[in-house]
1. Residues that are under 20 Å from the mean Cα position of the chain (by Cα) and not polar (S, T, N, Q): does region 58-71 have at least one?
2. All but one of (1) surrounded by 21 or more Cβ atoms within 10 Å (Cβ to Cβ); (2) in a loop (DSSP other than H, G, I, E, B); (3) of a type in the set (Phe, Trp, Tyr) hold for Phe141; state the number of the condition that does not hold.
3. Here are Val150, Val206: which of them is in contact with a Gly (Cβ under 6 Å, 6 or more places away or on another chain) and of a type in the set (A, V, I, L, M, F, W, C)?
4. Does any residue of region 239-251 turn out to be at pLDDT below 95 and under 29 Å from Asn133 (Cβ atoms)?
5. May I ask you to list pairs of residues, at least six apart or on different chains, whose Cβ atoms are under 9 Å apart, with the first in region 62-82 being among the polar types (S, T, N, Q) and the second being exposed (fewer than 14 other Cβ atoms within 10 Å of the Cβ)?
6. Could you list, in sequence order, the residues of region 178-190 that are closer than 20 Å to Thr148 by Cα, among the polar types (S, T, N, Q) and surrounded by 12 or more Cβ atoms within 10 Å (Cβ to Cβ)?
7. Restricting region 154-163 to residues that are part of a loop (DSSP other than H, G, I, E, B) and in contact with a strand residue (DSSP E or B) (Cβ under 7 Å, 6 or more places away or on another chain), which is surrounded by the fewest Cβ atoms within 10 Å (Cβ to Cβ)?
8. Report, by residue number, each residue of region 80-108 that is part of a loop (DSSP other than H, G, I, E, B), out of contact with any Phe, Trp or Tyr (no Cβ under 7 Å at 6 or more places or on another chain) and closer than 20 Å to Leu162 by Cβ.
Amino acid sequence: MNKFIFFILLIGCSTHSYAQRNVVVQDSISLEADQFLGIDSFGAIYFTKGNIFYKKWNGQKWQFGDFILGQLTQVSILNPLKIVLFYESSNTLVLVDKYLNEINRINFNTIAEFKSLSLVSPANDNSSWLFDNNTQQLEVFNTISNKTLVATQPINELPTTLRSNFNYCWILTSETLSQFNIYGSLLSRTQNEGFTDMRIINNDLVLLKENNLYYRTSATEKIEKINLPEIPVKQFYVTNEILYIYHQSKIYSFDLTPQKN
């Protein structure tokens, strides 16, 4: 009986073990912020402080804020020329340019296609991914015509995280991790092994689980634990295979390029 119990425990442990992925420590940058939101391919830093959205680059700083909209709940800098800001309490999406000047504002309470949104992320052209709480659907929404272009089948579970690049979208729930294409087709759905956040690197993912980060290769669904120093991981971002982690007024950077043995 003892051997049988040991065998079951061994199987349980092995299902939660991951290969290791080494990274190279690069640099650190000082930043005083409430929330670190990312660094774009030009090296500009994005963050919030006092519910004001900031961009810092090359010794200059720009800002956007409108307290009428409520708390800023989501930001995407996927396209630095058209940044997506989402204010959930006012159900409003704001697009700003590279100088954080407002381009467009959509209040989903007042448009013909009323929606109650919880998550947003940019798609291609003039579109954004939206998750509508009313229909429980993921949609591709045109921000010029204010029309839904495509919608998925209803998603039974409540999404906690939505990330996208220009052609694909990933949704994380407490139970599953799903990938959709720009046409609203479900490409894959796998069990969520306790991950609570994610970032996209090419078409792969960096996933957060219990203060550890993991690299998931989409083609094979292989998951590797990223070997990092003892830094609490609460706010992180990935750009051009560089991982950024914000902790105690410092942005730490790590090269995610696979290391040769």
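The values are calculated or read from the model by the stated rules, or taken from the named source; none is laboratory data. Everything quoted here is computed from the prediction, not taken from an experiment. Reconstructed Cβ throughout: ideal geometry from the backbone, glycine too, with neighbour counts over all protein chains shown.
1. Among the residues of region 58-71, not one is under 20 Å from the mean Cα position of the chain (by Cα) and not polar (S, T, N, Q), which makes the answer no.
2. Tallying (1) surrounded by 21 or more Cβ atoms within 10 Å (Cβ to Cβ); (2) in a loop (DSSP other than H, G, I, E, B); (3) of a type in the set (Phe, Trp, Tyr), Phe141 fails exactly one: (2).
3. Within the list Val150, Val206, the selection yields Val150.
4. No, region 239-251 contains no residue that is at pLDDT below 95 and under 29 Å from Asn133 (Cβ atoms).
5. Correct list of pairs: Gln71/Ser89; Thr73/Ser89; Asn79/Phe166.
6. Gln179, Asn181
7. This residue is Pro154.
8. Result: Lys82, single match.
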